[in-house]
């Protein structure tokens with residue numbers, strides 16, 4: 001971890017879209033003073049699900065995959081997260097290990113906030129505490145939706161929904177619907193909780209139906225309304 005604070009919290013655009021957006025000026029100054037910058041290369045693990053948190057992490061630039069390890073080291077990707085996402089607060093509040101692992105999808109810069117500073121902000125800034133409760137409630141709701149999706153949706157529905165989520169996370173908004181990152185078929189399979197063979201087969205089916213096109217490792221979404229129909233979500 002670097003010791004120089006590159007990101008000034010009082011003038012940080014990321015703070016304005018993150019969990020820290022309601023912090024008062026004094027709280028932001030405390031955050032700037034106590035935090036440390038951390039830089040990770042693609043593939044590096046930020047924390048393991050069995051680790052106990054020493055603080056929380058805020059993504060300043062880049063993206064991470066959040067996952068759990070199953071039998072024989074098989075990964076189940078829960079989600080991809082990018083700039084503005086704050087990680088680790090649930091584990092601190094519950095006094096438990098992280099419960100999930102995080103690794104860099106690309107070169108990524110994080111801000112690390114020590115546990116004591118985070119706890120101090122909770123006790124001194126009531127608006128921050130309210131924001132935290134709202135985030136926890138949203139997290140709980142998202143977890144319930146994911147469980148329902150994995151148990152009740154077909155493989156095709158899961159793949160379609162994952163592609164829509166990846167488009168929202170990585171897709172361009174200009175003239176093309178190519179995903180801007182080269183998402184591996186393995187990542188899609190892990191995200192959907194299916195085998196690699198099922199993921200590849202389903203992607204080829206969607207391509208044959210004209211919903212997507214596969215160009216080398218890139219995926220182009222050609223028919224968003226139809227993909228949303230397959231996923232069972234509103235467009």
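The values are calculated or read from the model by the stated rules, or taken from the named source; none is laboratory data. It should be emphasised that the depicted structure is a prediction, and the values quoted were computed from it without experimental measurement. Note that each Cβ is placed from the backbone with ideal geometry, even for glycine, and that neighbours are counted across all protein chains shown.
Here is how the numbers come out for the structure above:
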item: Candidates 86, 45 - the one that is in contact (Cβ under 8 Å) with a residue 24 or more places away in the chain and over 21 Å from residue 16 (Cβ atoms); result: 45
item: In segment 89-118, the residues that are surrounded by 13 or more Cβ atoms within 10 Å (Cβ to Cβ), without any contact (Cβ under 8 Å) to a residue 40 or more places away in the chain and out of contact with any helix residue (DSSP H, G or I) (no Cβ under 7 Å at 6 or more places or on another chain); result: 91
item: Meets criteria (more than 26 Å from residue 126 (Cβ to Cβ) and touching a helix residue (DSSP H, G or I) at 6+ places or on another chain (Cβ under 7 Å)) for residue 53; result: no
item: Condition check for residue 49: within 30 Å of residue 194 (Cβ to Cβ), touching a strand residue (DSSP E or B) at 6+ places or on another chain (Cβ under 8 Å) and either in the same structural domain as residue 158 (by TED's automatic domain parsing) or not in a strand (DSSP E or B) (or both); result: yes
item: Any hit, segment 76-86, residues being more than 16 Å from the chain's Cα centre (by Cα) and either crowded, with 19+ Cβ neighbours inside 10 Å or outside the structural domain of residue 166 (by TED's automatic domain parsing) (or both); result: no
item: Subset of segment 220-233 (residues that are in contact with a helix residue (DSSP H, G or I) (Cβ under 7 Å, 6 or more places away or on another chain) and at negative phi); result: 221, 227, 228, 230, 231, 233
item: Count of segment 56-96 residues which are at negative phi and in a loop (DSSP other than H, G, I, E, B); result: 5
item: Residue that is farthest from residue 78 (Cα to Cα) [pool: residues in segment 148-160 that are at pLDDT below 90 and either touching a helix residue (DSSP H, G or I) at 6+ places or on another chain (Cβ under 8 Å) or surrounded by 16 or more Cβ atoms within 10 Å (Cβ to Cβ) (or both)]; result: 153
item: Output for segment 181-215, where each listed residue is loosely packed, with under 14 Cβ neighbours inside 10 Å and either in the same structural domain as residue 42 (by TED's automatic domain parsing) or touching a strand residue (DSSP E or B) at 6+ places or on another chain (Cβ under 9 Å) (or both); result: 182, 186, 204, 215
item: Any hit, segment 37-55, residues being surrounded by fewer than 14 Cβ atoms within 10 Å (Cβ to Cβ), at positive phi and modelled with pLDDT under 90; result: no
item: Any chance residue 22 is in a helix (DSSP H, G or I) and in contact (Cβ under 8 Å) with a residue 60 or more places away in the chain; result: no
item: Given (1) out of contact with any strand residue (DSSP E or B) (no Cβ under 7 Å at 6 or more places or on another chain); (2) over 21 Å from residue 139 (Cβ atoms); (3) in contact (Cβ under 8 Å) with a residue 12 or more places away in the chain, index of the condition residue 71 fails; result: (3)
